[in-house]
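**Q** If you scroll down you'll find the structure; I have some questions about it.
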Ligand code: HEC
Ligand code: HEC
Ligand code: HEC
Ligand code: HEC
């Protein structure tokens with residue numbers, strides 16, 4: 001892994017391409033030179049200032065003008081004019097990964113492929129490197145005497161209050 005990264009760096013240097021110029025084809029890379037680098041979309045460069053992405057979406061709309069300006073009556077299915085109303089641009093246009101055509105969570109429209117940067121890299125799932133077999137080998141087996149099944153937990157006696165004389169079964 002380290003070797004691959006290192007040789008990638010060396011190759012990039014040999015080809016006289018600085019790392020900053022080695023662009024990936026996603027929305028963020030495309031926009032970095034359209035405004036103010038990372039701050040085109042982020043409040044603080046390199047940091048996500050707002051979990052809800054509302055700041056980022058405000059930025060999209062301030063340049064692109066929002067749905068009123070984006071809608072296109074020529075389209076049979078318009079991603080920018082739907083019953084979902086004023087949704088986040090980032091429901092579909094992802095910053096650093098493959099976009100998602102959100103409408104198709106429910107529909108199966110075929111316009112999804114037209115979304116810009118559709119060929120951007122998909123983000124690796126968080127558990128992509130999880131190796132169940134390897135990790136189960138890492139923890140040594142628990143000795144028999146320590147296993148839950150060998151622990152005897154005293155059972156508390158049930159506490160039944162004596163019945164009042166009038167509720168007792170007749171003798
Ligand atoms: C076109 C707008 C845009 C630009 C420009 C941009 N980002 Fe982002 N960034 C986003 C969006 C949207 C997200 C939310 C996650 C996503 O969609 O990938 C995000 C998320 C992040 C995250 C959170 C981790 C993650 O991937 O979810 C980091 C860190 C980040 N950006 C760093 C940067 C840096 C560093 C730059 C400049 C090199 C930059 N961004 C430029 C839009 C942008
Ligand atoms: C600083 C202004 C600015 C901001 C902020 C901005 N954009 Fe852009 N965006 C541009 C410009 C300029 C272009 C290029 C327009 C052109 O080529 O016609 C562009 C192009 C695009 C394109 C089309 C790319 C293509 O291949 O044709 C998409 C999609 C897009 N922006 C979405 C977004 C989204 C989503 C956000 C917010 C995460 C955003 N933009 C934020 C200025 C901005
Ligand atoms: C439901 C998914 C979805 C959402 C949400 C969305 N877009 Fe798009 N966007 C698309 C698709 C699909 C295309 C490609 C349309 C086509 O070419 O037919 C596109 C294209 C674009 C383009 C390229 C020019 C154009 O109009 O085709 C820009 C710019 C853009 N979107 C900006 C935005 C901005 C800004 C927002 C938020 C205000 C936004 N989009 C919200 C799906 C979406
Ligand atoms: C959460 C699910 C959901 C999402 C996401 C969604 N829709 Fe819908 N949509 C529906 C439902 C439900 C109906 C009503 C279906 C019916 O009446 O047959 C509908 C109806 C429609 C219709 C009219 C009926 C048809 O199929 O021609 C259009 C057009 C439409 N949606 C477009 C969109 C677009 C564009 C998006 C993305 C911007 C979108 N929808 C996202 C659930 C969704």
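What follows draws every value from the coordinates through simple rules; no lab data is involved. Being a predicted model, the structure only gives us computed values, none of them experimental. Note: ideal-geometry Cβ built from the backbone for every residue, glycine included; neighbour counts use all protein chains shown.
**Q** In Å and whole numbers, how far do the C-alpha atoms of region 58-103 stretch along each principal axis, longest first?
**A** Sorted largest first, the three principal extents are 29, 23, 16 Å.
**Q** Follow-up question, since we're still on this one. Label points 7 Å out from Cα along the Cβ direction at residue 147 and residue 24: separation in nm?
**A** Distance between the two pseudo-spin positions: 4.6 nm.
**Q** For region 40-133, what size does the Cα cloud have along each of its three principal axes, sorted from largest down, in whole Å?
**A** Cα extents, longest axis first: 54, 35, 21 Å.
**Q** Compute the label zone of residue 81 within region 97-115: residues whose backbone N is under 12 Å from the point 7 Å along Cα-to-Cβ.
**A** Once the point is set 7 Å along Cα→Cβ of residue 81, nothing inside region 97-115 turns out to lie under 12 Å by backbone N.
**Q** Under a crude label model (7 Å from the Cα following the beta-carbon direction), how far is residue 106 from residue 71 in nanometres?
**A** My value for the distance between the label points is 1.7 nm.
**Q** Given a cut-off of 13 Å, what percent of all Cα-Cα pairs of region 90-143 lie beyond it?
**A** 69
**Q** Also: Got a sec? How would 70, 27, 163 order by Cβ neighbour count within 10 Å, fewest to most?
**A** 163, 70, 27
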